[in-house]
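This report refers to the structure that appears directly beneath it.
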Amino acid sequence: MLAASHRPVLPVIHQHAEESAILRHVRSVLVRAPHVKLRHLARLDERIAAHLDGLAVAGESGVALCRAALETPGVGEVFAVAVGAIASKDQARVDWLFALAETLADAHRGLISAFGWVSAHDLQGIVMELLTATEPMRREVGIASCIMHRVDPGAMLVAAIDDPDPRLRTRALRAAGEAGRRDLIYDCLRHVQDDDPSARFRAAVSSLLLGNRDLALSALADLAANPGALRTQALGLWLKAVDLPSGHRLLQSIAKETASRRLLIQAAGVAGQVHYIPWLIGLMADDETARLAGESFSTITGLDLAWLDLERRPPEDLEPGPSDDPADESVDMDPDDSLPWPDPAKIQAWWEVSGQRFQSGVRYFMGEPVTVEHCRRVLREGCQRQRRAAAEYLCLLTPGTPLFPIAAPAWRQARWLAADQPAIQFRTANCPVPN
């Protein structure tokens, strides 16, 4: 009877496997969401951890159900299997997952995510093998693992920057900036004209974060001025680094592009100039631009529109996501989902009373001029999009500052922030990986 009571309950294990994958998919959205704070992320991470613990306790039954889910391998499914394989040091399963990641982009992301999730104890003896492997993808995952756990890959990172494999080279260039390796700034600058677009972009970003204000800004300006997949990211970082008049001139150029209205509204919030405020308030009367304009307004002023009751009811005919109509080919989610609907009359009244404290010629971010202390406060208290901007500002204000990982497991972020270490120092790769 006792043995029977310890048999795995398959429906429960199946739920653990399904929920861990689903919640990982949810997490990929929430780490970039405009309304999610660290405490919200922590609650989600606790749920993910609980389901992964359930799978670990289930042993081989949990492994079997997770592998069955890989018949349709998404990011979450691979993440759940990989966490278990790494924690149990099942080399055969890890090798199988690497083979899967070679061919599927979602599997690749899920695998890297798992290496960032697991603890220091789970990674001991694994990361160094990855860094010294012959396969480029294993070295790429090794470098990514180090950066996610605040470990400097050392000489392996330097060698990877010039590797012939574009994906490894891109990861290494990205890691140089995230680790604050100012000694590698010239290595990054050599790749600002890289043949691979992703490597070229990462080289420019890292060069800028490490202190270059010449070639890096020029490369990002080219990306920001022309339509393309990397335009929004390039423009956002470029605007944070340039002087206000330069940013205004580029926004004037973008304003002539009728198809770039959303980009212009987003960019106005990043630019942080108060003379955009009346224009943003005017856009709040248009349902198509209201929420995005409200977010840019909040990015400049720091106001929480929902908390201060400065919002209005959504339109009655609003369809926030993909419709149920089988003839509708659009499957895109509403890009402004979770943003409040600003009430332009209430906000105009607030601005007339309180706007006088904002001065022209000053860049504002979340209601204050951009300073190290203010950005650290936003890292502790802000929402994810705001926290990402704060992390970038900290690097720009003090080149060589490691980029704070706002997508790391929430408990790890909380520990670093509690220790007042938003720019936590990296250890070298021959040291144990910190938990």
By Kyte-Doolittle mean hydropathy of at least 0.0 and Cα axial length of at least 27 Å, which whole DSSP H helices of the chain are selected? 10-30, 38-58
Rounded to the nearest 500, what is the 222 nm mean residue ellipticity of the chain from helices alone, with -39500 (n - 2.57) per DSSP H run of 4+ residues and division by all residues? -18000 deg cm²/dmol
For Lys37, the lysines lying under 25 Å Cα to Cα, once residues fewer than eight places off in the same chain are dropped, come out as Lys240
Only four residue types carry charge here, +1 at the Cβ of Lys and Arg and -1 at the Cβ of Asp and Glu. Report the dipole size of the chain about the Cα centre in Debye, rounded to the nearest 20. 1620 debye
If we count every other residue with Cβ under 12 angstrom of Thr301's Cβ, Lys/Arg +1 and Asp/Glu -1, where does the sum land? -2
Protection proxy ranking of 180-193, 137-150 - average other beta-carbon atoms within 10 Å, highest first: 137-150, 180-193
Along the charge dipole of the chain, Cβ charges K/R +1 and D/E -1, which of Pro278, Ala199, Thr401 sits furthest on the positive end? Thr401
So, R0 is 22 Å and r is the distance between the beta-carbons of Val57 and Gln91; what FRET efficiency does that work out to, to 0.05? 0.55
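Each value in this text was obtained by applying a stated rule to the coordinates, not by laboratory testing. Note that the structure is predicted; figures quoted are calculated from it, not measured. Note that each Cβ is placed from the backbone with ideal geometry, even for glycine, and that neighbours are counted across all protein chains shown.
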